[in-house]
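Below you'll find the structure, written out as structure tokens, and then a few comments.
The values are calculated or read from the model by the stated rules, or taken from the named source; none is laboratory data. Being a predicted model, the structure only gives us computed values, none of them experimental. Ideal geometry is used to build each Cβ from the backbone, glycine not excepted, and the neighbour counts take in all protein chains shown. Areas reflect the complete protein model, heavy atoms only, side chains present, ligands, DNA and RNA absent. Shrake-Rupley method; radii C 1.70, N 1.55, O 1.52, S 1.80 Å.
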Amino acid sequence: MAAAPFGAAELECRGEHVYAAPAGLPPLDGIRVIRPGWYLGSVTKQRFTPSHALAMGLRAEEALRTVTFTADDPRAVRYLKGETLELAPGELCTAADGVPAKGYALVCIDGYPVGWAKVQDGMLKNEYPPGWRWT
């Protein structure tokens, strides 16, 4: 069994932002801290939006939904360019039975995570950071 991705970290919310702070971190009251831990994402309108930092820190087996491309698959480059992709039936892997196909999926290339995408109706809507996209 794999260890929990957050280990003994404590979740800390600052406004709409969620962090995994190291266990045993002393109170940071009165100290200006830019990021008190691993940035996991944000919560807006009762929805959690995972961060790119979270994607880069996870392994494929730790994600609820994954889509894996090989490095020689042209869709891998299209994903890195920020394009929306179509998924063939069976390309979306879920961690367990009963997990809905709709939601965020970790996109991996040759088993390495590269970012998030939203899966809806067989489409992979790209969430790759705009500043990182290939032009």
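Values as computed for the structure displayed
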read-out	value
Per-region count, segment 45-97, residues in a loop (DSSP other than H, G, I, E, B), in contact with a Gly (Cβ under 9 Å, 6 or more places away or on another chain) and either closer than 12 Å to Val114 by Cα or β-branched (Val, Ile, Thr) (or both)	2
Flag for Ala20 being part of a strand (DSSP E or B) and either hydrophobic (A, V, I, L, M, F, W, C) or within 24 Å of Trp132 (Cα to Cα) (or both)	yes
Residue count for segment 97-108, restricted to those that are more than 25 Å from Trp132 (Cα to Cα) and touching a residue at least 24 places away in the same chain (Cβ under 8 Å)	2
Which listed residue, of Ala95, Ala63, is under 30 Å from Ala20 (Cα atoms), surrounded by fewer than 17 Cβ atoms within 10 Å (Cβ to Cβ) and touching a Leu at 6+ places or on another chain (Cβ under 6 Å)	Ala95
Condition check for Pro74: modelled with pLDDT under 95, surrounded by fewer than 18 Cβ atoms within 10 Å (Cβ to Cβ) and over 10 Å from the mean Cα position of the chain (by Cα)	no
Among the residues listed as Ala9, Ala53, the single one being touching a Phe, Trp or Tyr at 6+ places or on another chain (Cβ under 6 Å), open to solvent by less than 60 Å² (accessible area, probe 1.4 Å) and not β-branched (Val, Ile, Thr)	Ala53
